[in-house]
Amino acid sequence: MMRKNIQRTIQIAFLALFAILLIKGKVQAWMGLLLLGIAASFIFGRVYCGWVCSINTVLAGITWIKKKLRLKSLPIPKFLLKSWVRYLMLGLFVAVFAFTAATGKRLPVLPVLFVIGILITLVYPEELWHRYLCPYGTMLKTSSSSAKRGMHIDEGLCNNCGACRRVCPAKAVDDTGKKHRIEMSDCLVCMECEANCKSSAIGYK
């Protein structure tokens with residue numbers, strides 16, 4: 001519980017930083033944090049997503065509100081689950097930044113992504129944004145696929161109840177085998193699985 005409280009505090013601090021940069025018109029400086037997050041992901045996994053990303057912090061709040069109000073999300077359209085959609089989003093993201101670098105024009109890319117993520121999660125599950133549409137997520141999915149550290153399930157302690165999969169915002173828990181397993185490249189390191197595991201079978205190692 002203490003670690004979750006620390007995490008929430010850090011998330012709110014970075015959300016406040018994002019807001020300040022946005023107000024001052026310097027939100028492009030946030031790209032520095034993203035680059036650091038990509039570098040760190042080779043060792044620590046997608047800690048940027050679970051601890052730093054301001055979009056993720058807001059989306060988690062939206063999901064919490066939806067659960068409290070018992071608002072159901074619509075099923076994700078199947079065509080959005082195609083891999084080409086993910087890479088199209090990444091391609092557009094890279095193309096826009098290349099355009100801004102070449103022309104010197106400042107486009108509100110990060111604020112637009114922020115709004116898109118919110119609007120999508122108001123209607124669909126968080127999973128759609130985290131796994132399929134977020135360009136950051138696509139980049140981090142690749143860099144964190146062989147991370148040295150990450151969330152792991154102790155098969156000796158796991159009772160296969162499925163609580164971890166139900167609470168995972170990115171649906172990074174695989175239950176196709178006899179035991180549940182966390183897919184490193186999709187895991188946001190948000191630690192919701194650890195917080196909701198009653199058998200204490202999950203930890204960051």
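The values are calculated or read from the model by the stated rules, or taken from the named source; none is laboratory data. These figures come from a predicted structure and were not determined experimentally. Cβ coordinates were reconstructed from backbone atoms using ideal geometry, including for glycine residues, and neighbour counts include every protein chain displayed.
Against the list (1) of a type in the set (A, V, I, L, M, F, W, C); (2) outside any helix (DSSP H, G or I); (3) closer than 20 Å to Cys49 by Cα; (4) modelled with pLDDT under 90, the condition Leu107 fails is (3). When the stretch 49-73 is filtered for residues that are free of Cβ contacts under 8 Å to residues at least 12 places away in the same chain and of a type in the set (Val, Ile, Thr), only Ile65 remains.
Against the conditions (1) surrounded by 13 or more Cβ atoms within 10 Å (Cβ to Cβ); (2) of a type in the set (A, V, I, L, M, F, W, C); (3) not in a helix (DSSP H, G or I), Leu157 satisfies every one except (1). Of the residues making up the stretch 161-198, those that are surrounded by 14 or more Cβ atoms within 10 Å (Cβ to Cβ), part of a loop (DSSP other than H, G, I, E, B) and not aliphatic (A, V, I, L, M) are Cys161, Cys168, Pro169, Lys171, Lys179, His180, Glu183, Ser185, Asp186, Cys187, Cys190, Cys197.
Residues in the stretch 11-28 that are among the β-branched types (Val, Ile, Thr) and either in contact with a strand residue (DSSP E or B) (Cβ under 6 Å, 6 or more places away or on another chain) or crowded, with 18+ Cβ neighbours inside 10 Å (or both): Val27 alone. A residue that is under 29 Å from Leu74 (Cβ atoms) and either free of Cβ contacts under 8 Å to residues at least 12 places away in the same chain or in contact with a Gly (Cβ under 6 Å, 6 or more places away or on another chain) (or both) occurs nowhere in the stretch 145-164.
When the stretch 94-153 is filtered for residues that are surrounded by 12 or more Cβ atoms within 10 Å (Cβ to Cβ) and among the basic types (Lys, Arg), the ones remaining, listed by number, are Arg131, Lys141, Arg149. Among the residues of the stretch 1-45, the ones that are assigned to a helix (DSSP H, G or I), farther than 30 Å from Ser200 by Cβ and at pLDDT 90 or above come to 16 in all.
Applying a threshold of 9 Å to beta carbon distances and a minimum spacing of six or more residues, or different chains, the list of pairs starting in the stretch 174-198 at a residue that is touching a residue at least 12 places away in the same chain (Cβ under 8 Å) and at positive phi and ending at one that is β-branched (Val, Ile, Thr) and crowded, with 18+ Cβ neighbours inside 10 Å reads Val189/Val47; Met191/Ile202.
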